[in-house]
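Colleague: Just dropping this structure here.
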Amino acid sequence: MTNLIVREPLLNPSLQVIGYELTMQKSGNRLAEDAELESLLRHAGENFVSPDGSWLLGTNLLFLKVTPSHLSSASLQALPPDRIVLSMDGARLRESIAQDAIKEFRKRGFGISLRNIAPYAVKDELRPLVTHLEINCSHSNARAVAKAFGSLRQLPIAKMVGRKIDSWRDYDACVSLGLDAFSGKFYRESAYPEEKKELSTMQSVVLQAIDLLNKNADVSLIENELKHDPAITFKLLRYINSAGFGIGNEINSLRHAVTYLGYSTMTKWLSLLLATSSTAANASVLLESAIVRGRFVELLSRQRLTNNEADQLFISGIFSLLDRLLGIPMEEILAQVPLSENAHEALLERCGIFKPYLALAEACELRQGSAEAVAESLHIDLETINAAHLSALVWARQIQN
């Protein structure tokens, strides 16, 4: 049986996304886990590699937990080695088959990351082959991390990855130790929760424009509102005249742009623009999460809801992280933009027909056991959910480039 793919971003010290670890929610036994990993590899190949063989996640790496038995997997061979880091259980290094696998993987160009191992346990002949070492950086192990890092300075290991970082205090400590990459739940919370923020002029203009669009106001009113911030006009015209639209004649006015896009697409674009306006330290990763959520729930709902509801669901996915992106309570944001009743119910009351879709999107970011029941309530199989999840991740990367 297929399980849900869970995505965890890996961040550099500047909190930019440099890669992802994809795992399956745990199944019951080892044989099932091997089958799940094969399914995960297949999904990655189908969604992240284009027909011409190019990597669709840009410069981002993909971390995958494997065992030596997966060396011969056809699905693994279909992935570009220079973009894949294979995470192996360091405790198994005593097995000669594991050591042989590391050498073979590196020979083919894959990165090698070791987990569950002390630095001194890596044999001399394997040290040059290891590209990443994963360290448990939970607060309870902070002293052990410092000690491990001291010994790592003597090892020819390119990158050190701090895992299970659940607070900004732990993140700051790990940055000070010189670690190269970080994962954990810390980025989901505000770095400065006590700081009260106010909307910028651009953010206020965007919210007012979305409000007018939702009310089907005359295009002249929408145009006048957008003119309050020249940067919006520039970004909109650059967007609509980009090569992706393939417009024969250049559009050079706000009125023409709004008319050409239509109110629904214009609202979605403004929602994305609002999310990108955040100046929070963790804005980059939260923005990507918001975009993935929006696209993911839209894809899942297209065959089940009306087009208007699917568009509203996309906006709800974007808005679901706006409070963290903008540092403003969701109630205050929605007080300025009366979204649909379904969106309000999902974002404020956690109920209604949009709720299970957003719950699935969140489940792809966290390991929680309720995902299967939610999927069954929507009559969506997990294969479809996984495909939509990875497709949404690719889409999010592409629109940010």
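Colleague: Could you check, for the stretch 71-80, whether at least one of its residues is of a type in the set (Gly, Ala, Ser), at positive phi and not in a strand (DSSP E or B)?
Modeller: No - not one qualifying residue is present in the stretch 71-80.
Colleague: Working only within the stretch 371-401, note down all residues that are assigned to a helix (DSSP H, G or I), among the polar types (S, T, N, Q) and touching a residue at least 24 places away in the same chain (Cβ under 8 Å).
Modeller: Within the stretch 371-401, 384, 386, 391, 398, 400 qualify.
Colleague: More than 20 Å from residue 263 (Cα to Cα), at pLDDT below 90 and out of contact with any Gly (no Cβ under 7 Å at 6 or more places or on another chain): is that true of residue 187 in this structure?
Modeller: Considered against the rule, which asks whether it is more than 20 Å from residue 263 (Cα to Cα), at pLDDT below 90 and out of contact with any Gly (no Cβ under 7 Å at 6 or more places or on another chain), residue 187 comes out as no.
Colleague: Could you say whether any residue in the stretch 300-319 is touching a residue at least 24 places away in the same chain (Cβ under 8 Å), of a type in the set (Asp, Glu) and closer than 24 Å to residue 212 by Cβ?
Modeller: Checked against the condition, which is being touching a residue at least 24 places away in the same chain (Cβ under 8 Å), of a type in the set (Asp, Glu) and closer than 24 Å to residue 212 by Cβ, the stretch 300-319 yields at least one hit.
Colleague: Can you tell me which residue among 264, 271, 253 is open to solvent by less than 30 Å² (accessible area, probe 1.4 Å) and of a type outside the set (Val, Ile, Thr)?
Modeller: 271
Colleague: Given the conditions (1) assigned to a loop (DSSP other than H, G, I, E, B); (2) at pLDDT below 90; (3) loosely packed, with under 15 Cβ neighbours inside 10 Å, and given that residue 179 satisfies all but one, which numbered condition is not satisfied?
Modeller: (3)
Colleague: Quick one: residue 339 ticks every box in (1) under 21 Å from the mean Cα position of the chain (by Cα); (2) crowded, with 18+ Cβ neighbours inside 10 Å; (3) more than 19 Å from residue 197 (Cβ to Cβ) bar one, so which box is it?
Modeller: Checking residue 339 against (1) under 21 Å from the mean Cα position of the chain (by Cα); (2) crowded, with 18+ Cβ neighbours inside 10 Å; (3) more than 19 Å from residue 197 (Cβ to Cβ), the one that fails is (1).
Colleague: Take the stretch 342-371 and flag every residue that is open to solvent by 10 Å² or more (accessible area, probe 1.4 Å), closer than 19 Å to residue 308 by Cα, of a type in the set (A, V, I, L, M) and over 21 Å from the mean Cα position of the chain (by Cα).
Modeller: Within the stretch 342-371, 353 is the sole residue that qualifies.
Colleague: Residues in the stretch 205-225: is at least one open to solvent by 50 Å² or more (accessible area, probe 1.4 Å), under 24 Å from the mean Cα position of the chain (by Cα) and at pLDDT 85 or above?
Modeller: For the stretch 205-225, residues open to solvent by 50 Å² or more (accessible area, probe 1.4 Å), under 24 Å from the mean Cα position of the chain (by Cα) and at pLDDT 85 or above: absent.
Colleague: Can you name the residue in the stretch 226-256 that is of a type in the set (Gly, Ala, Ser) and closer than 15 Å to residue 272 by Cβ and, of all such residues, is modelled with the highest pLDDT?
Modeller: Result: 231.
Colleague: Identify all residues within the stretch 216-233 that are within 17 Å of residue 337 (Cα to Cα) and touching a residue at least 24 places away in the same chain (Cβ under 8 Å); write none if there are none.
Modeller: Residues satisfying the conditions are 216, 222, 226.
Colleague: All but one of (1) within 15 Å of the chain's Cα centre (by Cα); (2) in a strand (DSSP E or B) hold for residue 44, so report the exception by its number.
Modeller: Among (1) within 15 Å of the chain's Cα centre (by Cα); (2) in a strand (DSSP E or B), the lone unmet condition for residue 44 is (2).
Colleague: For the stretch 310-330, give me each residue that is open to solvent by 20 Å² or more (accessible area, probe 1.4 Å) and out of contact with any helix residue (DSSP H, G or I) (no Cβ under 7 Å at 6 or more places or on another chain).
Modeller: 327
Condition check ((1) assigned to a helix (DSSP H, G or I); (2) open to solvent by 20 Å² or more (accessible area, probe 1.4 Å); (3) modelled with pLDDT under 85) across all residues:
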{"position": "98", "(1), (2), (3)": "yes, no, yes"}
{"position": "102", "(1), (2), (3)": "yes, no, no"}
{"position": "114", "(1), (2), (3)": "no, no, no"}
{"position": "117", "(1), (2), (3)": "no, yes, yes"}
{"position": "143", "(1), (2), (3)": "yes, yes, yes"}
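The values are calculated or read from the model by the stated rules, or taken from the named source; none is laboratory data. Since this is a predicted model, take the numbers as computed values, not measurements. Heads up, the Cβs are rebuilt from the backbone with ideal geometry, glycines too, and the neighbour counts pull from every protein chain shown. SASA here: full protein model, heavy atoms, side chains in, ligands and nucleic acids out. Shrake-Rupley method; radii C 1.70, N 1.55, O 1.52, S 1.80 Å.
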